[in-house]
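One structure is given here, and the rest of the page talks about it.
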Amino acid sequence: MNPLSDEIAVAFYSGKDFAVRLRRLSDLAQFADANAWTSEIVGDARYDEGRYVSLAFTPQGQVALGYHRCKRITSTIEGCDQNDEAVVFARQRSATWSYEVVHQAASGSCGEYASLAISTSGLAYLAFRCTVEQDGAFLYRLFVAQKNVELNEMNMRRLA
């Protein structure tokens, strides 16, 4: 729920659209009326992205999302393409969205199980899973990126 407007927002991956679908409701009395909800597609149309989406609000009431990018839309690969896999931070600014690739692994999968939280001071924390190569094997590791939502730099570290 938006802390400034009491608007409800939900985000989920839409396989039909290959993107995040964001739905919002401003009149809580109309919760059960599907027509009262607005619907918007969020993401870079060049990619199949939006899996493992996590939604949070900035202190200014703007929607922010963290999610997994799987592959280019034009890819013929059945699953995700490790050359395109990444974790993305998206933020709504007025009527437009800004997109930032937070991390893209050199090899292996990256960006799964994204979880986003934003503090009241405006620090965004985005946790996600990527594989790392160690001793000839690929191992899953947890990463956390931190960003002040008013600044343009993201700091990232591996937790394990």
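The values are calculated or read from the model by the stated rules, or taken from the named source; none is laboratory data. Owing to the predicted nature of the structure, the values given are computational and were not obtained by experimental measurement. Cβ atoms come from the backbone with ideal geometry, glycine included; neighbour counts cover every protein chain shown.
Condition check: more than 24 Å from Ala127 (Cα to Cα) and either touching an Asp or Glu at 6+ places or on another chain (Cβ under 9 Å) or at pLDDT 95 or above (or both). Does Arg24 satisfy that? Criteria met by Arg24.
Among the numbered criteria (1) within 11 Å of Ser54 (Cβ to Cβ); (2) not in a strand (DSSP E or B), which one does Asp84 miss? If we test Asp84 against (1) within 11 Å of Ser54 (Cβ to Cβ); (2) not in a strand (DSSP E or B), just (1) comes out false. Are any of the residues in the range 56-68 part of a loop (DSSP other than H, G, I, E, B) and of a type in the set (A, V, I, L, M, F, W, C)? No, because not a single residue in the range 56-68 is part of a loop (DSSP other than H, G, I, E, B) and of a type in the set (A, V, I, L, M, F, W, C).
If only residues of the range 143-160 that are among the hydrophobic types (A, V, I, L, M, F, W, C), exposed (fewer than 14 other Cβ atoms within 10 Å of the Cβ) and under 19 Å from Ala114 (Cβ atoms) are counted, the one that is modelled with the highest pLDDT is Leu159. For the range 69-81, the count of residues that are within 25 Å of Ser5 (Cα to Cα) and at pLDDT 95 or above is zero. Would you confirm, using the coordinates I've provided, whether Lys16 is farther than 20 Å from Ala124 by Cβ, assigned to a loop (DSSP other than H, G, I, E, B) and basic (Lys, Arg)? So Lys16 passes the test. What's the number of the condition Ala90 fails, among (1) under 16 Å from Thr131 (Cα atoms); (2) surrounded by 21 or more Cβ atoms within 10 Å (Cβ to Cβ); (3) aliphatic (A, V, I, L, M)? Exception for Ala90: condition (1).
Count, please, the residues in the range 87-105 that happen to be small (Gly, Ala, Ser), without any contact (Cβ under 8 Å) to a residue 24 or more places away in the chain and more than 16 Å from Leu55 (Cα to Cα). So the answer is 2.
With assigned to a strand (DSSP E or B) and modelled with pLDDT under 95 as the only criterion, which of Ser98, Ser107 stands out? Only one candidate qualifies: Ser98.
Within the range 114-142, being of a type in the set (Gly, Ala, Ser) and either part of a strand (DSSP E or B) or closer than 16 Å to Thr58 by Cβ (or both) holds for Ala114, Ser115, Ala117, Ser119, Ser121, Gly122, Ala124, Ala127, Ala137.
Filtering the range 23-45 to residues that are surrounded by 12 or more Cβ atoms within 10 Å (Cβ to Cβ) and part of a loop (DSSP other than H, G, I, E, B) leaves Ser26, Asp27, Trp37, Gly43, Asp44. Counting the residues of the range 4-35 that are over 15 Å from Arg51 (Cβ atoms) and out of contact with any strand residue (DSSP E or B) (no Cβ under 6 Å at 6 or more places or on another chain) gives 13. Quick one: is Asp81 more than 24 Å from Cys110 (Cβ to Cβ) and without any contact (Cβ under 8 Å) to a residue 12 or more places away in the chain? Here the answer is no, as Asp81 does not meet what is asked.
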